[in-house]
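Any read-out appearing in this document is the output of simple, stated calculations on the displayed coordinates, not a laboratory observation. Please read these numbers as outputs of a predicted model, since none were measured by experiment. Here the Cβ positions follow ideal geometry from the backbone for every residue, glycine too, while neighbour counts run over all protein chains shown.
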Amino acid sequence: MTRVVLVHGIAQELKGADTLLADWYPALCDGLALADGVGVARQEVAMAFYGDLFRPSGHRALGLPELDASDVQDGLERDLLLQWWESASAYETRVAGSDATARVRTPYLVQRALDALSHSSFFAGLSEHLMISSARQVRRYFSEPEIRAAVQDRLARQVTVRTEVIVAHSLGSVIAYEALCARPDWPDLTLVTLGSPLAVRGVVFDRLAPPPTGGLARWPIPVKAWINVADRGDAVALVKRLAPSFGGRVADVTVHNGARAHDVRPYLTARETGQAIGRALKGR
């Protein structure tokens, strides 16, 4: 019965499929209603939940050691935090920018990034531990094959012959893209990506499977239409347009999400998102 499959992003490990669906489904319906009135029943919507795969197992101590700047690993974790910082400072006046020119790893530079990001709209209220954990989830997805396979399997379990659209937010767009590329036998469907980091060179784009060739990523065969929605101030979606990296068939759309540019709920309530999903539901 699943017509719409939703795929969440980072930092959802303490939630669950029903918890997220209770939050996403009303926003999804609001966007559809604002667009053209197309409706979808809750039993026709599924959440591809994988957050528990990043949740630490039980521990005898009173808690796990808190992560700080000295725990940030060189490579993807560090580069991602610094890119988030650079992007957030470009769009938010309350986020201090970096005047550092050296790219060498120092806890001081990472600490400055964490301090600055704590004032950004997306990371406001999150501890250093959670910000580092968010970057670590991205690093683990790309560097641990068993995690990558298990996450994609969670999505594959939700896709049926009746699925008409996959709506993927943040890291979820990476998961959806790779799963669609790996399964050319899936039914034709529409892909809607929200706040996607897919085109970010160095940290995401160059790590995709299958790997891009000549600066262009492969088109996922089951996708008959791809609409990418981004807010100009979204610090996680560092590159707002996917068409130059994934082909001219991607329709890049800009929306305004207010203060919380990366939050999935204003993405879902946007008329443009509702129109994209509504067209997919009408088209079958």
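Here are some notes:
- Separation of alpha-carbon centers, the range 173-204 and the range 1-28, rounded to whole Å: 17 Å
- Summed residue charge, Cβ within 10 Å of Val38's Cβ, Lys/Arg positive, Asp/Glu negative: +1
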